[in-house]
Structures are given as C-alpha cells and as structure tokens.
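To keep things clear, I will list the structure first and then write my remarks on it.
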Amino acid sequence: MSHVVIGFTAMVVVMITVPLLLAWIGGQRKLRVARTGGALVLRMPRGHHAVLAALAILPFGAFTVLALSVAWTPSSGSGRFVLAGFTGLLGTILGGWLLLLEARGCLRVDDAGFERVGALRRRRAAWGDVAKLTFNPVSNWFFMTLAGGGRIYVTEGHDGIASFAEVALQRLPPKVLADSPEAAQALREVAES
C-alpha cells in the first residue's frame, strides 16, 4: 500500500511542478533580442525543452524500472527485458530529441531570410520564398508557408517575437502581407509591444 501512496504522491508532485515550471520559464521570455552575428536568434526560453524532456524521460524510466522489478511468471520472464528495453528506448529517444532542441533549437532571422534549426536538421529559406502567412489567434502563433510546401512556425513563447515581427513586416513580400490582413495586423501588434 505504501508503494501506491508514494507513486500517487510523486505523480501529483510532477503534475503540479511541471506547469508551474513552464509558466515560470515562460515568464522569463524576452520580447526583443539583439542581433548576434547579423541575425536575430529566436528560441524558446532556456529550460522549456529541458522540462518537457524530463516529462518524457521520467514516466518511461518509471515503466522501465517497474518492468525490471516486478515478479514475472517463469514462462514470461524474458518479457521484462523486452518491455524494459522498449520503454527505455522510447524515453531515451523522446527525451534526447527534446534535449537536443534545448541545446540547438532556434530560428535565425536576418535580412535575407531565416533558418530553422531543429534537433537534427536545418531549413533555410529566403523571405521571398514565403507564399502565405497565417496567424492562429487561439494559440498565438504565426506560421509561414513556403512556396516549396514547408512551414516555419513562430510562437508567442519565443524569445525575440517582437524583433521577429519588426523584421517580418519589413521583409515579407507585400503580396503575402496583403493576402493575410489578420496575420499582418497581428504582426504589427506584436512589433509594437
């Protein structure tokens, strides 16, 4: 019975701590950033992806430990290693990807274009490659649809969102801004904040 109480208490602590940590980290966000090497570097505030990585690693780690520690019937004893290996691998992949985003993930914006640096890949595009700009008013994010079909997301939570809005208003093709009046207005409001 005490294991159940300990597990339940740990779960409640995690469920309360994670949103509080994410809110605190989000509160550290900077609306404007200075250019570094000629480019604005927009990223989620430091610690955001690390908290999400812990949220991915902890449950999978608990399942791994549980799979290895419970008593299995003699005929299914190897099942513990299969389950532990599967959950451990899943937690490592998800947590590792989020930790790589914490270390590398950003959007580099300059006068010529922008580059999204992800956990493993980079994608560079020129401002002229943007075919459409969309604003999601519910979640407060912009996404730019490229002529080649890809999308680049910029969320309200990024450090430097106001700096991005200023550059985007200057560099996006006028037709893209004219075709998306709501998104253009949202960019203006963010730039003025």
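Quick check on residue 32: is it out of contact with any Gly (no Cβ under 7 Å at 6 or more places or on another chain), open to solvent by 30 Å² or more (accessible area, probe 1.4 Å) and of a type in the set (Lys, Arg)? Reasoning before the result, please.
Numbers: out of contact with any Gly (no Cβ under 7 Å at 6 or more places or on another chain): no; open to solvent by 30 Å² or more (accessible area, probe 1.4 Å): yes; of a type in the set (Lys, Arg): yes.
So residue 32 does not fit the description; no.
Name every residue in the range 114-159 that is open to solvent by 20 Å² or more (accessible area, probe 1.4 Å), under 17 Å from residue 186 (Cα atoms), in a strand (DSSP E or B) and aliphatic (A, V, I, L, M), in order of residue number.
First pass over the range 114-159, keeping only residues open to solvent by 20 Å² or more (accessible area, probe 1.4 Å): 115-116, 120-124, 126, 128-129, 131-132, 134-141, 143, 145, 147-149, 151, 153, 155-158.
Narrowing further to those that are under 17 Å from residue 186 (Cα atoms): 132, 134-141, 143, 145, 153, 155-158.
With in a strand (DSSP E or B) added as a condition, the list becomes 132, 134-136, 141, 143, 145, 153, 155.
Once the filter is applied, which keeps residues that are open to solvent by 20 Å² or more (accessible area, probe 1.4 Å), under 17 Å from residue 186 (Cα atoms), in a strand (DSSP E or B) and aliphatic (A, V, I, L, M), the range 114-159 yields nothing.
Failed condition for residue 81, given (1) at pLDDT below 85; (2) assigned to a helix (DSSP H, G or I); (3) closer than 24 Å to residue 40 by Cα, with all others met?
Condition not satisfied by residue 81: (3).
Against the definition (at pLDDT below 85 and open to solvent by 30 Å² or more (accessible area, probe 1.4 Å)), how does residue 15 come out, yes or no? Give the steps one after another, and end with the answer.
Details: at pLDDT below 85: yes; open to solvent by 30 Å² or more (accessible area, probe 1.4 Å): yes.
Yes.
Which is part of a helix (DSSP H, G or I) and in contact (Cβ under 8 Å) with a residue 12 or more places away in the chain, of 86, 63, 8? Show your work before the answer.
Numbers: 86 fails: in contact (Cβ under 8 Å) with a residue 12 or more places away in the chain; 8 fails: in contact (Cβ under 8 Å) with a residue 12 or more places away in the chain.
Exactly one residue qualifies, and that residue is 63.
Only one of (1) surrounded by 15 or more Cβ atoms within 10 Å (Cβ to Cβ); (2) part of a helix (DSSP H, G or I); (3) of a type outside the set (Val, Ile, Thr); (4) under 23 Å from the mean Cα position of the chain (by Cα) is not met by residue 103, so which one is it?
With respect to (1) surrounded by 15 or more Cβ atoms within 10 Å (Cβ to Cβ); (2) part of a helix (DSSP H, G or I); (3) of a type outside the set (Val, Ile, Thr); (4) under 23 Å from the mean Cα position of the chain (by Cα), residue 103 is out only on (1).
Name the single residue that is farthest from residue 191 (Cα to Cα) among those in the range 92-111 being in contact with a strand residue (DSSP E or B) (Cβ under 6 Å, 6 or more places away or on another chain) and among the hydrophobic types (A, V, I, L, M, F, W, C).
106
Among the residues of the range 89-145, write down those that are without any contact (Cβ under 8 Å) to a residue 60 or more places away in the chain and of a type in the set (Val, Ile, Thr).
92, 93, 117, 130, 134, 138, 145
Please indicate, with yes or no, whether at least one residue in the range 176-185 is under 23 Å from the mean Cα position of the chain (by Cα) and open to solvent by less than 60 Å² (accessible area, probe 1.4 Å). Even if it seems obvious, please write down each step before you answer.
Keep residues of the range 176-185 that are under 23 Å from the mean Cα position of the chain (by Cα), which gives 183.
Keeping just the survivors that are open to solvent by less than 60 Å² (accessible area, probe 1.4 Å) gives 183.
Scanning the range 176-185, I find at least one residue that is under 23 Å from the mean Cα position of the chain (by Cα) and open to solvent by less than 60 Å² (accessible area, probe 1.4 Å), so the answer is yes.
Which of the residues that make up the range 111-125 are more than 15 Å from residue 39 (Cα to Cα) and among the small types (Gly, Ala, Ser)?
Those that are more than 15 Å from residue 39 (Cα to Cα) and among the small types (Gly, Ala, Ser): 118, 119.
The values are calculated or read from the model by the stated rules, or taken from the named source; none is laboratory data. Predicted, not measured: the structure shown is a model, and the values here were computed from it. Quick reminder, even Gly has a Cβ in these numbers, built from the backbone with ideal geometry, and neighbours come from all protein chains shown. Accessible surface is based on the protein model in full, side chains and every heavy atom, while ligands, DNA and RNA are left aside. Shrake-Rupley method; radii C 1.70, N 1.55, O 1.52, S 1.80 Å.
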